[in-house]
Structures are given as C-alpha cells and as structure tokens.
Amino acid sequence: MNLRSWLGLEAKPSAGHGPLREVIDALDRLDETRARHLARFAYLLGRVAHADRHVSPEETRAMESLVSEEGGLTADQAMLVVSLAKSSNLLFGATADFSVTQEFAEAATYEEKVALVRCLFAVSSIDHEISMAEETEIHRVANHLRLHPSDLTRLRVEHRRFLPGLSSRTGSGS
C-alpha cells in the first residue's frame, strides 16, 4: 500500500502533469513503513491544526516544514503529503482520527511519540496562540499515545506563553 492509497486517493493524475508526476513517483518509492509513518504524522498534524476549524497558511507551511524534516522529503513532496493529509482530515475527520492515532501509537517509538506531540504544539503555536480546541486535541492525541504526564507537562511549559489563559499574562513585551 502506498501513501496515496493509504490516504484514500488512489487515482493517479494523467501523464501530462510532469512535475506532479515526479513528486508522486518519488513518494511511491518510499519504503511502505516509512510512507505510512509520514502519512500518519501529517494527518495528526492536520487533525490538531484543524481543531479550531481553520488551518492558516502559516500552519500549513509549518506542517510542510515538519513533514519535510521528519521524512527527508523535498519541499514539493512535503507539500503534497500535507495537502493530502489535510484533505483526508476534512473528508474523514473524526471517523479516522481514532484509527490513525491508534496506528501511529502502535508503530512509533516513544521518542517518535514525544516528537510528534512537540510538533503538534509547534504547529498550534505558529500564530502565537494555541486555541482551547487545539490544546484539547493535543491532549487527546497525547493521551491516546500514552505520553507520560511529565513529558506532556514539559512540552506544555515549553509553549506556555501561547496557551489559552496564560498567553495574556505574559504581556505585550514577550
């Protein structure tokens, strides 16, 4: 199963889409396990970014950067993966949230789980404020991944200036 089929987008574009075809072909050559990891990673980033019912261009760029770094992908490949993940999140939403998170939890190391939650905070805070909905969704994912409370607390402290109810206390000078 390749990345496109896992995301439910098996139809291939016509041969006339040269640059897009090259990106898709490169993604198809990824190791299946790695491709699934990246697809789940991107989907979960999109899940949290969309928790407040809006994914900003800045959040999208942050997701693309994180997926590129995580997967060693080109910018074009990361853009496609994030685009597919965002579309899947909109199409399948809550129906797929549990299963994708469960699959990530079963396949990822503990360090990968912590790294994912760190990235969830990074994407959510890109606009200098983490909404209540985004924080709630991060906690849902972290709990499902069985992140140790001390690790979640450490990540929250790293992003405290952006958390709901705490960001206004820091004042305009921070």
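Note on the stretch 53-174: with charges restricted to the Cβ of Lys and Arg (+1) and Asp and Glu (-1), its dipole about the Cα centre is near 460 debye.
This ranking places Met79, Met132 by how few other beta-carbon atoms lie within 10 Å of each, fewest first, which gives Met132, Met79. Taking 15 Å as the cut-off, the amide N atoms of the stretch 112-130 that come nearer than this to a point 7 Å along the Cα-to-beta-carbon line of Glu69 belong to 112-127. Here the peptides 37-43, 99-105 are ranked by packing, the mean other Cβ count within 10 Å, and the order with the highest first is 37-43, 99-105. Cβ-Cβ distance of Arg140 and Asp31, R₀ of 41 Å, FRET efficiency by 1/(1 + (r/R0)^6): the value works out to about 0.90. Would you please classify the overall shape of the stretch 73-154 from the alpha carbon gyration tensor, given that a ≥ b ≥ c denote the square roots of the eigenvalues, rounded means a/c under 1.5, and beyond that prolate means a/b larger than b/c while oblate covers the rest? Rounded shape, in that the Cα axes give a/c under 1.5.
Would the stretch 27-129 count as rounded, prolate or oblate if I go by the C-alpha gyration tensor, calling it rounded below 1.5 in a/c and otherwise prolate when a/b exceeds b/c, oblate otherwise? Here the stretch 27-129 falls in the rounded category.
Each reported figure results from applying straightforward, stated rules to the coordinates on display, with no laboratory input. Owing to the predicted nature of the structure, the values given are computational and were not obtained by experimental measurement. Glycine gets a Cβ as well: all are built from the backbone with ideal geometry, and neighbour counts include every protein chain shown.
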